[in-house]
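K.L.:
This is the structure I want to talk about, given as structure tokens.
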Amino acid sequence: QVQVVESGGGLVQPGGSLRLSCTASGTIFSTYAMGWYRQAPGKQRELVASVDSGDNTDYADSVKGRFAISRDNNAKFAVYLQMNRLKPEDTAVYYCHAGVYSTYDYSRGDYWGQGTQVTVSS
């Protein structure tokens with residue numbers, strides 16, 4: 001079993017900052033990628049940022065230069081999303097994704113957190 005837990009959402013004014021945290025735990029041998037997705041009301045879930053096992057990062061065009069994804073150097077399966085200069089259009093539920101290889105048979109699996117609400121409003 002794999003658990004993915006996010007934290008750090010909340011209400012912030014436009015131009016403000018938030019930092020999201022995500023930790024995956026359980027029967028994980030390694031991760032092939034971890035990242036953040038978001039879903040706004042009436043819209044499809046979209047990639048915000050991801051980092052793979054080689055520390056290669058990928059960002060949505062709409063957040064480049066404002067958001068930064070990073071790994072926790074002290075925890076194998078944890079990532080952060082630093083969000084700066086937030087805009088009202090960043091309002092969404094943010095989900096953490098963990099792509100893992102199982103300790104049992106090294107099979108690949110995708111796991112999601114429960115989501116954390118980010119609201120950008122004055």
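K.L.:
Determine the relative contact order of the chain: mean sequence separation of Cα pairs under 8 Å and six or more apart, normalised by residue count, in whole percent.
P.N.:
Working: 306 pairs, mean separation 44.5, N = 122.
Reported relative contact order: 36 percent.
K.L.:
Follow-up. Once ligands and nucleic acids are excluded and a 1.4 Å probe is used, how much of K43 is accessible, expressed in Å² to the nearest 10?
P.N.:
140
K.L.:
May I pose another question? If you roll a 1.4 Å probe over the chain with all protein chains in place, what percent of the accessible area is carbon or sulfur?
P.N.:
Roughly 46 percent, rounded to a whole number.
K.L.:
Which lysines does K64 reach when only Cα atoms under 19 Å apart count, and residues fewer than 8 places away in its own chain are ignored?
P.N.:
Once the sequence-local lysines are set aside, what remains near K64 is K87.
K.L.:
For V120, what accessible surface area do you get with a 1.4 Å probe? Give it in Å², rounded to 10.
P.N.:
About 10 Å², ignoring ligands and nucleic acids.
K.L.:
Given an 8 Å cut-off on Cα distances and at least 6 residues of separation, report the relative contact order of region 3-60 as a percent. Write down the numbers at each step before the final one.
P.N.:
On the way: 70 pairs, mean separation 13.4, N = 58.
It comes to 23 percent, rounded to a whole number.
The values are calculated or read from the model by the stated rules, or taken from the named source; none is laboratory data. Model, not experiment: these values are computed from the prediction. Only protein heavy atoms, including side chains, enter the accessible area calculation; ligands, DNA and RNA are left aside. Shrake-Rupley method; radii C 1.70, N 1.55, O 1.52, S 1.80 Å.
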